[in-house]
Amino acid sequence: MEARLIFFNDARLLEGPCWDAAHGALYFVAIRQNTVFRLEVGTGRVTSYATQGCVGAAVLRGEELLVAEKSGIYRLDPATGVRRFLAQPEPDPAMRYNDGKLDPRGRFLIGTMGDPERNTRGGLYAVEPDGSSRRLIGGTTIANGLGFSLDERTLYFIDTPTRKVMAYGYDVETGALTTPGRVAVEIEGEGSPDGMCVDAQGRLWVALFGGGRVCRFDPDTGRIDAEIALPCRNVTSCCIGGEAMDTLFITTAKCAGLDEPLAGGLFAAKLTE
């Protein structure tokens with residue numbers, strides 16, 4: 001499986017790809033450029049939306065985006081660009097939002113991390129459609145990749161410095177954790193786990209920041225069974241999309257001191273068994 005570049009604007013840090021199947025478009029964010037991008041994959045047309053401060057994630061719910069900005073969670077209409085404030089579960093100015101995903105019932109699960117200094121006050125929040133929120137997990141450093149098992153009963157979650165993918169029992173009706181976390185995957189070798197997605201077979205695709213690749217893991221055994229190499233060291237996140245849902249979209253970031261012309265680009269790889 002080979003990755004090819006499909007978007008580049010010299011961004012320092014691309015993150016959080018999210019597929020819009022209804023319109024054949026991909027959303028992703030440039031965290032330090034304070035921008036959400038929308039790429040129409042078939043035509044190459046790009047639309048951008050400015051945010052107020054760094055943006056950790058943008059996820060699609062129905063026809064609107066939920067955007068996690070420094071100042072809170074906003075509802076964004078992609079057609080008009082109109083933004084409406086929804087919630088601010090983490091008001092501490094020393095923190096910012098990082099990776100986020102919708103749960104199967106439309107809750108926005110969003111992680112936090114220190115900004116600019118690393119600390120252990122990070123966590124994972126659940127934001128309900130009405131804007132109410134609560135903390136699900138605390139004491140993390142860099143809350144990152146998220147995903148759900150096919151039966152919707154397991155939440156996978158990454159706190160990057162631990163180099164582990166944790167699995168929690170999850171009640172999708174209430175949005176509550178039902179069991180403590182257990183280790184599903186422990187990363188070995190180069191790279192630390194960053195963003196993540198779950199494929200149609202329930203396997204975990206994990207972007208390895210500093211490892212130059214995305215790896216596919218069996219969550220039952222914790223073993224790698226496939227990988228895709230990227231032409232840059234810092235691989236940040238991934239999602240599955242495309243017309244046939246057979247493409248892995250991959251975001252990357254620049255690495256200080258390295259001459260990597262394509263770092264910070266968006267890539268696509270056709271998935272094969």
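A short reminder: the numbers here are calculations on the coordinates, not readings from a lab. Quick caveat, the model's predicted, so the values are computed rather than measured. Methodologically, a virtual Cβ is constructed for each residue, glycine included, from the backbone with ideal geometry; neighbour enumeration extends over all protein chains shown.
In table form, for the structure just shown:
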| item | result |
| --- | --- |
| Ordering of 44-50, 162-168 by packing [mean C-beta count within 10 Å, highest first] | 162-168, 44-50 |
| Charge dipole (the chain, unit charges on Cβ, about Cα centre) - positive-most of V165, N98, P193 | N98 |
| Size of electric dipole in the range 172-273: Cβ of Lys, Arg +1 and of Asp, Glu -1, about Cα centre, debye, nearest 20 | 200 |
| Peptides 224-237, 108-121 ordered by average Cβ neighbours within 10 Å, highest first | 224-237, 108-121 |
| Structure-derived Cα Rg over 2.2 N^0.38 Å: which label, when the choices are (1) 1.39; (2) 0.97; (3) 0.91 | (3) |
| FRET E, pair E128, T80, Förster distance 22 Å, beta-carbon r, rounded to 0.05 | 0.35 |
| Sites D151 and E2, calculated FRET efficiency, Cβ-Cβ separation with R0 35 Å, nearest 0.05 | 0.60 |
